[in-house]
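Data block below; observations after.
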Amino acid sequence: MRSHAGMGAMSHNPVQVAAMGVGAVFALVGVLGFVPGITTHLGSITFAGHESGAMLLGAFQVSVLHNIVHLLFGIAGLAMARTWSGARMFLVAGGAIYLALWLYGLIVGHGSTANFVPVNTADNWLHLGLGVAMLALGTVLGGAGRTGADNRT
């Protein structure tokens, strides 16, 4: 895959492409969390907490904080995808973060004040899938070694 940035073209290796894709999806989800129709009950969104009634795609409970976290996570992924080591770190560390968030969602009651993100059952399953997928991408693609022109650490 070829990308034009800065002073010329550079090749991106598979782990960088994966991190760019994951980062772009997170950024998009962060924005879509504020779009009426894509997010139902947007009028009942709260900044944080389990009281938020906004539901991304009608299934995933979101708040302003939740959407901002997705957006910032996506921007971080896009920025870190510029190097092999950054891309691998984003995917592996991000996967670990999402597995921790999955455990958090299982432990904390959905109606609890500790559920400040907020998360619901659909979020929990999504966080499990994201955590496993990101770890797998970072480990498998990142373990393949550095290839391409952008191999800075």
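The values are calculated or read from the model by the stated rules, or taken from the named source; none is laboratory data. Remember, it's a predicted structure, so these values are computed and weren't measured experimentally. Heads up, the Cβs are rebuilt from the backbone with ideal geometry, glycines too, and the neighbour counts pull from every protein chain shown. These area figures cover heavy atoms from the full protein model, side chains too; ligands, DNA and RNA do not enter into them. Shrake-Rupley method; radii C 1.70, N 1.55, O 1.52, S 1.80 Å.
Summary table below
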{"quantity": "Members of the range 102-123 found to be in a loop (DSSP other than H, G, I, E, B), touching a Gly at 6+ places or on another chain (Cβ under 9 Å) and open to solvent by less than 60 Å² (accessible area, probe 1.4 Å), listed by number", "calculated": "115, 117, 118, 119, 120"}
{"quantity": "Qualifying residue in the range 75-89 (condition: open to solvent by 50 Å² or more (accessible area, probe 1.4 Å), among the aromatic types (Phe, Trp, Tyr) and either farther than 15 Å from residue 21 by Cα or over 11 Å from the mean Cα position of the chain (by Cα) (or both))", "calculated": "no"}
{"quantity": "Qualifying residue in the range 17-33 (condition: among the β-branched types (Val, Ile, Thr), at pLDDT 95 or above and over 17 Å from residue 98 (Cα atoms))", "calculated": "yes"}
{"quantity": "Pair list, Cβ under 8 Å, 6 or more apart: the range 85-99 residue charged (D, E, K, R), other residue surrounded by fewer than 20 Cβ atoms within 10 Å (Cβ to Cβ) and at pLDDT 95 or above", "calculated": "none"}
{"quantity": "Residues (open to solvent by less than 40 Å² (accessible area, probe 1.4 Å), under 21 Å from residue 126 (Cα atoms) and in contact (Cβ under 8 Å) with a residue 12 or more places away in the chain) located in the range 8-28", "calculated": "18, 19, 22, 23, 26, 27"}
{"quantity": "Search result, residues across the range 29-47 that are open to solvent by less than 50 Å² (accessible area, probe 1.4 Å), touching a residue at least 40 places away in the same chain (Cβ under 8 Å) and aliphatic (A, V, I, L, M)", "calculated": "29"}
{"quantity": "Positions within the range 51-70 being without any contact (Cβ under 8 Å) to a residue 60 or more places away in the chain, open to solvent by less than 60 Å² (accessible area, probe 1.4 Å) and hydrophobic (A, V, I, L, M, F, W, C), in sequence order", "calculated": "54, 55, 56, 62, 64, 65"}
{"quantity": "Hits in the range 80-94 (condition: among the charged types (D, E, K, R) and outside any helix (DSSP H, G or I))", "calculated": "82"}
{"quantity": "Of all residues making up the range 39-79, the number that are outside any helix (DSSP H, G or I), in contact with a Gly (Cβ under 9 Å, 6 or more places away or on another chain) and polar (S, T, N, Q)", "calculated": "5"}
